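To start, the structure itself, in structure tokens.
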Amino acid sequence: MDPTLAARTLTASTEIATAALAGDDPAAVLDLVVRSAAALAEADLGLVMAQADDGSVTIEAAHGGTVLGTSPLGLVLSSRSSAARVARSGVPIVVDDVTTDPRTAPFVPKELRQYGAFAAAPFGTRERSLGVLTVYRRRGRASFEPVTVDVLTAFAAQAGLVTVLSEGSAARQRVDLYEERERIARDLHDVIVQRLYGAGMQLDLLARKPTRKLARRDATRLADAVDQLDAAIADVRAVVRTLRDPNPGENHTDLAASVRAEVDIARELLGFDPILQLHGDLSAVSVSVADDARAALREALSNVVRHAGAGWLSVQVDITGGKLRLLVADDGSGIPDGVTKRGLRNLAERAERAGGTFELRSSPRGTTVVWQVPV
């Protein structure tokens, strides 16, 4: 291998490992992966595609070009496409022309037919496939050399391993955080609250002791001190409940209150009052379903705030026919092509996991999200 290419590969892998293990935003890490891959392969377009349960792959990150003048982010390739086959099999593929080679041509989407030379390498580890890393060159340029494909394959494996490790590291950090919060909560409850309670009881007994008559002013001060201790105990217990709640400040048993809180946040960010409609007994919703519904609402409202440019927003949450339905509609510009769909796919997966459905309708005249699960 060319020593210069080897050095560039090592530098790129180190940069990605540093960013991923430092806890950088996953989307930013994927952008770094695909940008490095395109540079190492001297490609005109590089793509990272995530593998779905149905075998299809979706473009999560892109660098170096556009497809038909638009960003390729969010484009879904068939489970029979060469990229999807590489993600499943773990075997890289390289062809001189992606549109004419019989292994690739039948399933190349029209958005990618402007490219010729093509190479794809599995992205992830043997135990856990994340998807596929692909590179393209425009028609008329030379094919990818074997050494380039070897470098791409090794780089994709290293970057995939780092990505998997970073996910595990993030999970461990979350566990450590929850354990630390639980330790602090336990100390506050078992030590601080008990001491405050004991001090309050002693002061109260002192004030009630018949053998000692206190001056009116001293009795008032003593009563105020007891009241302040009671208030302090209530405050500490509130802190304990917050620490033991993975989403501080939210009441997991009151979905209606959570919905109102999320809409209030959106109101402050949007600068106008959304329309909110609640129907049915939302208090009957289980904790797990309420958590999923809260996450769905938060993601939908986040998209409106960040991308829609809306002047009108409606949020409806109701229970009818044994189902919890969340509907979020706006009159904004729709979801831009360059916006990753990872968050929306998470909502679809949450709905499917609970036996429900997820529907997204987006156009330049607005977006409607319908999330529905049985209760």
Q: Could you check how many residues of region 359-375 are part of a loop (DSSP other than H, G, I, E, B) and surrounded by fewer than 16 Cβ atoms within 10 Å (Cβ to Cβ)?
A: 2
Q: Would you please list the contacts, defined by Cβ atoms under 7 Å and residues six or more apart or on different chains, that run from a residue in region 37-57 that is on the phi > 0 side of the Ramachandran plot to a residue that is open to solvent by less than 10 Å² (accessible area, probe 1.4 Å) and at pLDDT 90 or above?
A: Gly55/Ala84
Q) Tally time: how many residues in region 66-122 are over 30 Å from the mean Cα position of the chain (by Cα) and assigned to a strand (DSSP E or B)? A) 7
Q. Could we say that Ala50 is under 21 Å from the mean Cα position of the chain (by Cα), open to solvent by less than 70 Å² (accessible area, probe 1.4 Å), among the aliphatic types (A, V, I, L, M) and at pLDDT 85 or above here?
A. yes
Q: With respect to Ala308, determine if the residue is touching a residue at least 12 places away in the same chain (Cβ under 8 Å) and out of contact with any Leu (no Cβ under 7 Å at 6 or more places or on another chain).
A: yes
Q | Count of region 35-67 residues which are of a type in the set (Ser, Thr, Tyr) and farther than 19 Å from Gly131 by Cα | A | 1
Q | Residue selected from region 131-163 under the condition open to solvent by 30 Å² or more (accessible area, probe 1.4 Å) and among the aliphatic types (A, V, I, L, M), by the criterion nearest to the chain's Cα centre (by Cα) | A | Leu161
Q: Kindly indicate which of Arg306, Arg325, Arg345 is outside any loop (DSSP other than H, G, I, E, B), open to solvent by 50 Å² or more (accessible area, probe 1.4 Å) and either at pLDDT 80 or above or over 30 Å from Met49 (Cβ atoms) (or both).
A: Arg325
(Q) Checking the structure you have, find out if any residue of region 311-321 is closer than 22 Å to Ala351 by Cα and outside any strand (DSSP E or B). (A) yes
Q) Somewhere in region 196-212, is a residue among the basic types (Lys, Arg) and at pLDDT 65 or above? A) no
Q.
Checking the structure you have, find out if any residue of region 15-35 is modelled with pLDDT under 90, over 30 Å from Leu347 (Cα atoms), assigned to a helix (DSSP H, G or I) and acidic (Asp, Glu).
A. yes
Q. What number of residues within region 111-121 are over 13 Å from Val76 (Cβ atoms) and open to solvent by 30 Å² or more (accessible area, probe 1.4 Å)?
A. 2
Q | Matching residues in region 255-290 - criterion: being closer than 18 Å to Val373 by Cα, at pLDDT below 80 and surrounded by 16 or more Cβ atoms within 10 Å (Cβ to Cβ) | A | none
Q | Cβ-Cβ under 6 Å pairs, at least 6 apart or on other chains, region 86-108 side over 20 Å from Arg138 (Cβ atoms) and in contact (Cβ under 8 Å) with a residue 40 or more places away in the chain, far side assigned to a helix (DSSP H, G or I) and hydroxyl-bearing (Ser, Thr, Tyr) | A | Pro92/Thr153
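The values are calculated or read from the model by the stated rules, or taken from the named source; none is laboratory data. In this text, all values refer to a predicted model and were calculated from it rather than measured experimentally. A quick note on method: Cβ atoms are made from the backbone with ideal geometry, for glycine too, and the neighbour counts reach across all protein chains shown. The protein model used for the area step is the full one, side chains on, heavy atoms only, and it has no ligands, DNA or RNA in it. Shrake-Rupley method; radii C 1.70, N 1.55, O 1.52, S 1.80 Å.
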